[in-house]
1. So for the stretch 96-136, what percent of the C-alpha to C-alpha distances run longer than 16 Å?
2. Could you compute how fast the chain diffuses translationally, taking Rh as the Kirkwood radius over C-alpha pairs and applying Stokes-Einstein at 4 °C with viscosity 1.567 mPa s? Give it in µm² per second.
3. Quick one: Karplus J couplings for the stretch 86-93, per residue in order, coefficients 6.51, -1.76, 1.60, θ = phi - 60°, nearest Hz, x for Gly and Pro?
4. Kindly write out, for the stretch 107-122 in residue order, the coupling ³J(HN,Hα) from the Karplus curve 6.51 cos²θ - 1.76 cosθ + 1.60 (θ = phi - 60°), rounded to whole Hz, with x marking Gly and Pro.
Amino acid sequence: MSGMIPEDVYELTGVADPRLSPDGSTVAYVVWSTDRDSSEYRSSIWLAPSDGSHEPIRFTAGTKRDASPRWSPDGSELAFTSTRDDKHAQLYVMPVSGGEPRRLTRLKDEVADPCWSPHGAHIAFSTRVPDVAYEE
């Protein structure tokens, strides 16, 4: 049996960041892989019933990097980060029933760790805030 060769990395797929919906019926998670043409990571968000009653469905297109799915308190929306429109991950929200995601941030740096407020009116997140002198 031979070992791995560098090109084998393009055959690897991983699953990360599982998040259970507020009612416990659905799991949102991230599926990642490496794009052979660009040698960049790609990831999309998938939804699966927690009881395994049917196959998982792809929730986001994953043409770039979609990550950090977070359920709204009522379970009707998912907040997530994505590089779909920017080189830095920004914050998006999308109805679980489908549709287009709404972009909520336009920052110079990455958005990470989204977290809904208990009543779903706000979403907190972390990002780097450089000093004004940093731009000089």
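1. 55
2. Stokes-Einstein gives a translational diffusion coefficient of 80 µm²/s.
3. My calculation for the stretch 86-93 gives 7, 6, 9, 4, 10, 8, 10, 9 Hz in order.
4. 9, 6, 10, 4, 9, 9, 6, x, 8, 6, 6, x, 9, x, 7, 9
FYI, it's all coordinate maths here, none of it is from the lab. In this text the structure is predicted, and so the values were computed from the model without any measurement.
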